[in-house]
1. Test Arg88 against the stated conditions and say whether it is out of contact with any strand residue (DSSP E or B) (no Cβ under 8 Å at 6 or more places or on another chain) and at positive phi.
2. Only residues in the stretch 104-126 that are touching a residue at least 40 places away in the same chain (Cβ under 8 Å) count as the first member; pair them with residues that are part of a helix (DSSP H, G or I), Cβ under 6 angstrom, at least 6 apart or cross-chain, and list the lot.
3. Restricting to the stretch 63-80, what's the tally of residues that are in contact with a strand residue (DSSP E or B) (Cβ under 6 Å, 6 or more places away or on another chain), surrounded by 15 or more Cβ atoms within 10 Å (Cβ to Cβ) and not in a strand (DSSP E or B)?
4. Any idea which of Val55, Val43 is modelled with pLDDT under 95, in contact with a Gly (Cβ under 6 Å, 6 or more places away or on another chain) and either hydrophobic (A, V, I, L, M, F, W, C) or assigned to a helix (DSSP H, G or I) (or both)?
5. Does Asn61 count as at pLDDT below 95 and within 28 Å of Ser121 (Cα to Cα)?
6. Which of the residues that make up the stretch 110-126 are surrounded by 15 or more Cβ atoms within 10 Å (Cβ to Cβ) and of a type in the set (S, T, N, Q)?
7. Which of (1) modelled with pLDDT under 95; (2) not in a loop (DSSP other than H, G, I, E, B) does Leu83 not meet, given it meets every other one?
8. Select from the stretch 81-97 the residues that are buried (at least 16 other Cβ atoms within 10 Å of the Cβ) and in contact (Cβ under 8 Å) with a residue 40 or more places away in the chain and write down the one among them that is nearest to Leu4 (Cα to Cα).
Amino acid sequence: MNKLNELRNRYPLIKEVRGRGLLIGIEFNQPGGIAGKLSLGLVDKLSKEYLGALVASELLNKYRIITAYTLNNPNVVRLEPPLTISYRQIDTLVGALAEIMAKHKGFLSMAAAGAKTAIQSFKDKR
């Protein structure tokens, strides 16, 4: 939790880290800004529904870390590791999240990365 809270303090895209024991939720902020205004609110609406899924997708596709976003708030990613998780594996997760947050400052960047990954996976299957 301490390392995840350090990430929250460093990256404004992370709104809150909460949980108990090994069940942890990471909630992401709504980016807002000029892109939302230029798209007449479409970017804001999409980020509200899909930002958590995009982060979970990046963790899975690039780092092979399985997470899930919650059904009642799609901007919360759940971390539910097994009891046998090691400190090294925890550090791997925190490092992966740090890389994602440093690389993607907002929803549009995350969406572009998700689209690129999807297109690449279709190409690989052909």
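1. On the way: out of contact with any strand residue (DSSP E or B) (no Cβ under 8 Å at 6 or more places or on another chain): yes; at positive phi: no.
No, not satisfied.
2. Going by the 6 Å Cβ cut-off, the qualifying pairs are His104/Met110; Phe107/Ser47; Phe107/Leu51; Leu108/Ala35; Met110/Leu54; Gly114/Leu54; Gly114/Ser57; Thr117/Asn61.
3. Total meeting the criteria: 2.
4. Val43
5. Details: at pLDDT below 95: yes; within 28 Å of Ser121 (Cα to Cα): yes.
Yes: the conditions hold for Asn61.
6. Thr117
7. With respect to (1) modelled with pLDDT under 95; (2) not in a loop (DSSP other than H, G, I, E, B), Leu83 is out only on (2).
8. So the first thing to find is which residues in the stretch 81-97 are buried (at least 16 other Cβ atoms within 10 Å of the Cβ), and the list is 81, 93, 96-97.
Cutting the leftovers down to in contact (Cβ under 8 Å) with a residue 40 or more places away in the chain gives us 81, 97.
Values: Pro81: 15, Leu97: 9 Å.
The extreme case among them is Leu97.
The values are calculated or read from the model by the stated rules, or taken from the named source; none is laboratory data. Note that this is a predicted model, so its numbers are computed, not measured. Note: ideal-geometry Cβ built from the backbone for every residue, glycine included; neighbour counts use all protein chains shown.
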